[in-house]
Amino acid sequence: MVSDLEQLTQALARNLKRWRGERGFTLDALAARAGVSRGMIIQIEQARTNPSVGTTVKLADALGVSITTLLDHERGPQVRVVPPGQGVRMWTGGAGSEAHMLLGDDRRGPVEMWTYRLEAGDGTASDPHPAGTFEMLHVTAGELTLVISEERHTVPAGGAVSFEANVPHAYRNEGAVPMEMTMAVSIPPVHGVNGHH
C-alpha cells in the first residue's frame, strides 16, 4: 500500500499548494482559517507527512473544496465509475467500522458521496461543518441513530434523513447488527480573497 499512500501524499502536497494559491491565502491565513498549524501545512505542502483525515477535512473546508479534489491525482472525464471497494478509506473505527469517500466534485460547491459501515455499538462524531453544509443519508442495512446537537433520530434500513450539518453531529449504531449507509454531503462554495470562484 506504500505507493498508494505516497501517491496521495504527493497529490495532497500539489493540490494544497495549488488551491492555497488560487484562494490567495498565505500560510498564516490558511492556518488560522483551518485551525491547523502553519508548520503542519508546510510539512503537507512539502509531502513530508501524511496528515490525519481530520486535518485534511479542515483544510478542504477552509479552502472550500471537496476532500476528493484535494486528494485527486487527475481531473478526469465527465463520467467517473468507481468499482466496488475502490473508494478512498477515510476513517476506521472498531472491528470493521469504516467510512469510504466514493466520489467528489466541486463544480458548483463541493459535493461528496461516502459509504459508512458501523459495527454494533460503534459510532463516530463530527465537528460542525461550515454554515450551509447539508448532509443526506440513506441507511441500507441495520439502524442508524443520528445525534444532532444532542437530539436523537432513529433511521431504519431503507430510510433516509437530511440535515444542516453546521452543528455537532454523530452517527451511531446502537443495534445488534452492522449498520451501513450512503451519505451525500453538499458544502457551500468559498470565495477566496482574490475573488476567484
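The values are calculated or read from the model by the stated rules, or taken from the named source; none is laboratory data. Because the structure is predicted, anything quoted here is derived from the model rather than measured. For neighbour counting, all protein chains shown are included, and Cβ atoms are generated from backbone atoms with ideal geometry for every residue, glycine included. In case anyone asks, the SASA skips ligands and DNA or RNA and just uses the protein heavy atoms, side chains included. Shrake-Rupley method; radii C 1.70, N 1.55, O 1.52, S 1.80 Å.
Condition test on His129, is it open to solvent by 70 Å² or more (accessible area, probe 1.4 Å) and either at pLDDT 80 or above or hydroxyl-bearing (Ser, Thr, Tyr) (or both)? Give the derivation first.
Details: open to solvent by 70 Å² or more (accessible area, probe 1.4 Å): no; either at pLDDT 80 or above or hydroxyl-bearing (Ser, Thr, Tyr) (or both): yes.
The answer is no for His129.
So which of Leu16, Leu12, Leu30 is surrounded by 17 or more Cβ atoms within 10 Å (Cβ to Cβ) and either more than 19 Å from Ser66 (Cβ to Cβ) or free of Cβ contacts under 8 Å to residues at least 40 places away in the same chain (or both)?
Exactly one of Leu16, Leu12, Leu30 is surrounded by 17 or more Cβ atoms within 10 Å (Cβ to Cβ) and either more than 19 Å from Ser66 (Cβ to Cβ) or free of Cβ contacts under 8 Å to residues at least 40 places away in the same chain (or both), namely Leu30.
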Against the conditions (1) of a type outside the set (Phe, Trp, Tyr); (2) open to solvent by less than 40 Å² (accessible area, probe 1.4 Å); (3) modelled with pLDDT under 90, where does Arg75 fall short? Just the number, please. (2)
Among the residues of the range 36-54, are any under 19 Å from Val185 (Cβ atoms) and either touching a helix residue (DSSP H, G or I) at 6+ places or on another chain (Cβ under 6 Å) or open to solvent by 70 Å² or more (accessible area, probe 1.4 Å) (or both)? no
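To keep it simple, each residue is scored yes or no on (1) over 20 Å from Leu102 (Cα atoms); (2) at pLDDT below 95; (3) touching a Cys at 6+ places or on another chain (Cβ under 7 Å).
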position: Thr145; (1), (2), (3): yes, no, no
position: Ser149; (1), (2), (3): yes, yes, no
position: Ser162; (1), (2), (3): no, yes, no
position: Asn173; (1), (2), (3): yes, no, no
position: Val177; (1), (2), (3): yes, no, no
position: Pro188; (1), (2), (3): no, yes, no
position: His191; (1), (2), (3): yes, yes, no
position: His197; (1), (2), (3): yes, yes, no
May I ask you to list pairs of residues, at least six apart or on different chains, whose Cβ atoms are under 8 Å apart, with the first in the range 156-178 being without any contact (Cβ under 8 Å) to a residue 40 or more places away in the chain and the second being among the polar types (S, T, N, Q)? Ala157/Thr140; Gly158/Thr140; Glu164/Thr133; Ala165/Ser126; Ala165/Thr133; Asn166/Thr133; Val167/Ser149
Which residue, of Val139, Val82, Val65, Val53, is under 19 Å from the mean Cα position of the chain (by Cα), modelled with pLDDT of 85 or more and farther than 15 Å from Glu180 by Cα? Val65
With the condition kept exactly as written, say whether any residue in the range 108-121 is among the small types (Gly, Ala, Ser) and more than 26 Å from Leu30 (Cα to Cα). yes
Tally up the residues in the range 78-103 that are closer than 10 Å to Arg117 by Cα, open to solvent by less than 50 Å² (accessible area, probe 1.4 Å) and not hydrophobic (A, V, I, L, M, F, W, C), please. 4
